[in-house]
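Working notes, beginning with the structure itself.
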Amino acid sequence: MKTIFFISFFLFLAACNISKHEEIKYKTYSSHLQDLTISQNKKRNCKEIGPRPTRVNDSTVIYEKIKYLHYELGDSIKVTPYFKIELMADSICFVKELKGVYYKVTLTDPKAIDSLHFPIYQYTLDSNTVAYHLSIQKFFEEIKVMQNYQDNIYIFAQGSADRALGFFIRGLLPDFSNRKIQILKKSGLYYDLTPVDYFFTKTYGNAHLPNLRSTFLRDELLKYGTNVLNHDLEKRVMILDGIVTPSVNPADRKVTFIMYVDWDKIIENIENVI
């Protein structure tokens, strides 16, 4: 009987000891788990330590923007409320010294939702009625990404006029009277890149309207374009000798812009600095 009692008592103590051991083991595990959770939470909430990702090079950003612009303009035509840019056929070349891509740029009057046209016999536009300055600004903002590569870009302005309803002679405004400009003349199929002098006197007739209109909008392009691009565009915006069409058509009272871009050289120049 005593033997059975001692055995039972011993087993009871052993069980208590195991239970106490398991309790200690559980507390240790719980403490470890709690510490691990706190540690993980700290890692989640702490700021990043160590080097930040390398910042993208500015040239890389410009490169991607220019590639996107090239892609956009390569899609034949781009139309906005302020301008329209049309890719011209590869077979067309306006200036024989420049081999690249040519675009026809038509500035739009956002108020009339139509291309800019001059009143009959006129060579200036009223900014109060025609928002041409806004169209010019928007156009230059479109190509601003190429501002550091202006040596590979030209903008040519070519004015036109329709046949006059009758002979007329009028006096020129002070900004145009007795003024000398430079134009590119056509030689055979192409225009020469070397400009020649062209003179306005104190009066003008229908034959003078094309180059007067080009001069007016070129002045505006230089003013607004220089502000947007932060570059002197004097040698980048040139006048092509204008034309008078044989019919009476108000749509011919305009200035057409032709933008030349040497994409290969622009992209090559950027790749050299990336």
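Take peptides 193-199, 104-110 and line them up by average Cβ neighbours within 10 Å, highest first, as a rough protection proxy.
Descending packing order for the listed peptides: 104-110, 193-199.
Please compute, over every Cα-Cα pair in region 197-274, the percentage with a separation greater than 20 angstrom.
Distances greater than 20 Å cover 50 percent of the Cα pairs.
Considering every Cα-Cα pair within region 99-147, what fraction, in whole percent, is farther apart than 15 Å?
Cα-Cα pairs in region 99-147 separated by more than 15 Å: 54 percent.
Going down the list Lys104/Lys180; Lys104/Lys235; Lys104/Lys185; Lys180/Lys265; Lys96/Lys235, which pairs span over 29 Å between their C-alpha atoms?
Lys180/Lys265
By counting other Cβ atoms within 10 Å of each Cβ, how are Leu229, Leu165 ranked from fewest to most?
Fewest-to-most Cβ neighbours within 10 Å comes out as Leu165, Leu229.
Based on the Cβ-Cβ distance from Lys104 to Leu165, what FRET efficiency comes out when R0 is 22 Å, to the nearest 0.05?
0.20
Give me the net charge for the shell around Asp192: Cβ to Cβ below 12 angstrom, other residues only, Lys and Arg +1, Asp and Glu -1.
Once positives and negatives cancel, what remains is +1.
Suppose each label sits 7 Å from its Cα in the direction of the beta carbon; what would the Gln122-Ala207 distance come out to in nanometres?
2.6
What ranking, highest mean first, results for peptides 232-245, 254-267 when packing means the other Cβ atoms within 10 Å averaged over each residue?
In decreasing order of mean packing, 232-245, 254-267 become 254-267, 232-245.
Every number in this text was worked out from the coordinates using simple rules, so none of it is lab data. Keep in mind the model is a prediction, meaning the values are calculated, not measured. When we count neighbours, we look across all protein chains shown, and the Cβ atoms used for this are built from the backbone with ideal geometry, even at glycine.
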